[in-house]
Each structure stands twice: as C-alpha cells, then as structure tokens.
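Take a look at the structure below.
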C-alpha cells in the first residue's frame, strides 16, 4: 500500500528518537511504499481534488542520509491508501487550514489519520475537560480574578498556555501565591488569551506518564517523564528523564474507558498524559515516545501502530 506523511521537514527529523520515523521504518519493512510532504505543500484548486507536492522516498540504513527521494511531483491525496497527519504542534491558523484541506480530501475518498475533524475537535489541553472524572481540578479562563479564586481554593496550582508544547510556559504557584499576578499577566496577556489552571499533583515526582492509545487499545508500556533537579516539568524537551514502565492496572482502567470513545471519533493514535491516576492532557496531533519505549522494553510500539493502520485502511479499501 501507499502511505503519505504530512509532517515537518524530513531534514528536521532526529531519527534516533522520532516516532514518525519509526512508523515509516515499520511500514517500509512490511513492503509498503512511503511518501512525504509538508502542510505548506497542500493545495486545493476549485474543480480539482486536494493535492500535495509529494516526494516518494525510500529509507536507507544510514544515520545521516536516512532517506532518498525516488520521485517528486504533485499527487492527489485520495490516490494514497492512507494519509498520516504528523505535523508537530502548535495548532496555529495554518494547521487549522490544513485540517480543512485534509477534510476535503476525505470527502474525495482519502483516508486521513488522525481524522482532521477530530484534530480540530480535540485541542490537546481542552479535550480533557470532557473527561472530568479522570482529570485534576481544572479551570480554563481569561479572568485573572477567576484564577485567583482557583488558587485560593486549591493553594498549589499549575498554570499553562493552551497552545504550549514540550513544557513551554508552565508555571507552578504554591500556597504563598508568589508571583501569581505576574504569571497571570504573562500568560493571559491582559485578558486576551485563555489560560489553563490545574491543581498541582505531587505525584509528578514519579513522572508525567505518556500512555499510548492505538486503534482503541492501550499499549502495555508507558514512558514516565520524570522531572530533574528543581524542575516541576517532566517533559523530555524540558530536561525530564524518560523511564519506560509497565502499564499500571489503575491507569489501564482509565485508559480503557477513554480509548474506545476517542477511537470512534477517528483518533487512531492518542498520547494520554497522566500524573498519578489523573489525566492532564490528551495529545492527538503527533503523539510520540514510540522509540523510547521500544529501546527500553523491547516492545515494538510501531508494529502495534502499523497493525492498527493496516486494519483500518484495508477495511476502507474494501
């Protein structure tokens, strides 16, 4: 089968840890053909199908020159067996527009994963509000007064922007309220920007766990991203240490309750972030951690993902 990846520039991939690369490698190992483009290469002209300037590629075994281009040209997305949207956050205006082009391609017969509509309907931080029983106490607001009331109630809180990634812009404010006013001003920009506020979870010392939901199933291992030193953030991009661990039974209960709901909405791959037994984010744009888990446990997450991808594309092609 033919698969197209809509992703960041291939030259930016860190293949030793990149999840999209792991997907490509497993697909090629099974004999599937690969192509890649960037969101900026998508095009929709009236009266014509959605196309992209596509590079057909083959993976090599070399660390630096890890792929070679075998053909380049404009192709219709509907002509691929599957299109994988793997552009990293942030979810900005251009990402939003790309999902509309991808949704039009779906109407023309393309099979896109994750579903463009589901990507729009599940902002990675806001989406957890639907699953409040599994989440910590959370507030989303532009109001400085509401944030102060939330702090008065919960004493120890985390504040973060809705469009952040990799731990960017995350602040902790303890019972003394030190710098709360300044942090609110920084994040909500005078009331013009919404902020997410959550009760601080002390279980963060044991790690911010990434659970992977694939085709409605839960992967048997998680990656606990453990803060280092005085950091409150466990994100790998913020210096956290990634430690793969077996999935705990109590976490499985939560994940298995959410997984089929999200899968039914067209979310083939979801990265569920949990601290303790609470869900803190639902990542749907380009969830990662495949390679870290495989390298530490031997469990082939990419194989599990491609199994699910083959199932859904084969069903669609019947």
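Remarks
- Helix 93-107 and the long axis of the chain differ in direction by around 40°, with both axes built from C-alpha atoms.
- Debye-formula intensities of the stretch 2-114, expressed as log10 I(q)/I(0) at q = 0.13, 0.14, 0.17 Å⁻¹, are -0.46, -0.54, -0.79 (one equal scatterer per alpha-carbon, no solvent).
- Extension gain, residue 100 back to residue 307 (0.36 nm per residue minus Cα-Cα distance, nm): 71.8 nm
- Computed from Cα positions, the angle between helix 301-317 and the longest principal axis of the chain comes to roughly 60 degrees.
- Taking the longest Cα principal axis of the chain as reference, the axis of helix 144-154 is set at about 70 degrees.
- Approximate spin-label separation residue 176-residue 137, in nm, with each point projected 7 Å along Cα-to-Cβ: 2.2
- 5 Å binning of all Cα-Cα separations within the stretch 137-200, expressed as whole percents from 0 upward: 4, 21, 35, 28, 11, 1
- Theoretical gain in end-to-end length, residue 265 to residue 145 [0.36 nm per residue, Cα-Cα removed]: 39.6 nm
- The reciprocal of the average 1/r between distinct C-alpha atoms defines the Kirkwood hydrodynamic radius, which for the stretch 203-304 equals 13.5 Å.
- Relative contact order of the stretch 203-304, pairs being alpha-carbon contacts under 8 Å that are 6 or more residues apart, as %: 30
- When peptides 93-104, 270-281 are sorted by average Cβ neighbour count within 10 Å, with the highest value leading, the order is 270-281, 93-104.
- Mean ellipticity per residue at 222 nm, deg cm²/dmol - from DSSP H runs of n ≥ 4 across the chain, formula -39500 (n - 2.57): -9000 deg cm²/dmol
- The share of C-alpha pairs in the chain whose separation exceeds 31 Å stands at 33 percent.
- Contact order relative to length of the stretch 1-112, as percent, for alpha carbon pairs under 8 angstrom and 6 or more apart: 30
- Between residue 74 and residue 28, the C-beta separation translates, for a Förster distance of 25 Å, into a calculated FRET efficiency of about 0.65.
- Among 87, 14, sorting on how many other beta-carbon atoms sit within 10 Å of each Cβ, with the fewest leading, yields 14, 87.
- Inter-probe distance in nm under a simple model that places probes 7 Å from Cα toward Cβ, at residue 314 and residue 48: 3.6
Bear in mind these aren't lab numbers, they're just calculated from the coordinates by the rules spelled out. No experiment lies behind these values; they were computed from the predicted model shown. Positions of Cβ are backbone-derived with ideal geometry, glycine not excepted, and every protein chain shown enters the neighbour counts.
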